[in-house]
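Please treat every number below as a calculation from the coordinates, not as lab data. Everything numeric in this text was worked out from a predicted model, so none of it was measured. All Cβ positions, even for glycine, are placed from backbone atoms using ideal geometry, and neighbour counts span all protein chains on display.
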Amino acid sequence: MRKKKSFFESDAFAKVLAEDVIRAKQRMDEDPSDAHRREFVRTTYSAIEAQSWQLRMYLIEHVMNKKTSSIHEISALKEESYAINDKGEIYIQPRGYSLKVGLRLVFSILKSHGIPVQVDLGSADWKNIDHAVKIRNRVIHPKKMADISVSKEEAECCYQAFVYVNNVLLATILGSALAVINGAMSGLSGKNRRSLFSSAK
């Protein structure tokens, strides 16, 4: 029971942040000022990171198998590593990585578990991730006046990156469900399949 809590918690805060994106977009559409666009960039990127975390928690709890998944994969998804202190005790050490690296890790694990999620790393959607990171970093750590100016195209780029990560999450959930169904069906014998369809008539 405790294991499922982390995904449900991440689902809850991801939904709150997604709602923040909707409200921030409404404010920006009504008044497309730089202030509202900066707010939209910050809000959207927070939601993207929340969805990325939610996606990784879903993999741990609903896709990965304890018998076949390594502790290294699980630790990587949790952004954890291990270190030893002066007393010789092992402790968990946070180890962050970039958004794109995290998504590449997710895609790699999905592929190894036979989850049918199609990813085009040369697509405009994938490039939007790169652009969104750069826009967010520029707005969060400005060094000159031009850094705090956000164009309509840049705001749209961040929104499309948000939509893309959200779609990856939905595709992962659907893909894992289909994989379970296909696995169950392939385990049925021809006789069992006939009896299954016969009983449905």
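Overview of values
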{"read-out": "Potential extension, Ser70-Lys100 segment - 0.36 nm per residue separation minus Cα distance", "value": "8.6 nm"}
{"read-out": "Calculated from backbone phi, Karplus (6.51, -1.76, 1.60) coupling profile of the range 48-58 in Hz, x at Gly/Pro", "value": "4, 5, 5, 5, 4, 5, 4, 4, 5, 5, 5"}
{"read-out": "nm² value of the averaged projected area, convex hull over the Cα atoms of the range 94-136", "value": "3.8 nm²"}
{"read-out": "Global geometry of the range 21-77, whether rounded, prolate or oblate, following the gyration tensor of its Cα atoms and the 1.5 cut on a/c", "value": "prolate"}
{"read-out": "Aspartates and glutamates whose Cα lies under 15 Å from that of Lys152, excluding same-chain neighbours fewer than 8 positions away", "value": "Asp29, Glu30, Asp31, Asp34, Glu39"}
{"read-out": "Cα-based Lys pair tally, the range 18-102, threshold under 29 Å, eight or more apart or on separate chains", "value": "7"}
{"read-out": "Candidates per trypsin sites (Lys or Arg not before Pro) in the range 16-101, loop by DSSP, up to 15 other Cβ within 10 Å", "value": "Lys66, Lys67, Lys87, Arg95"}
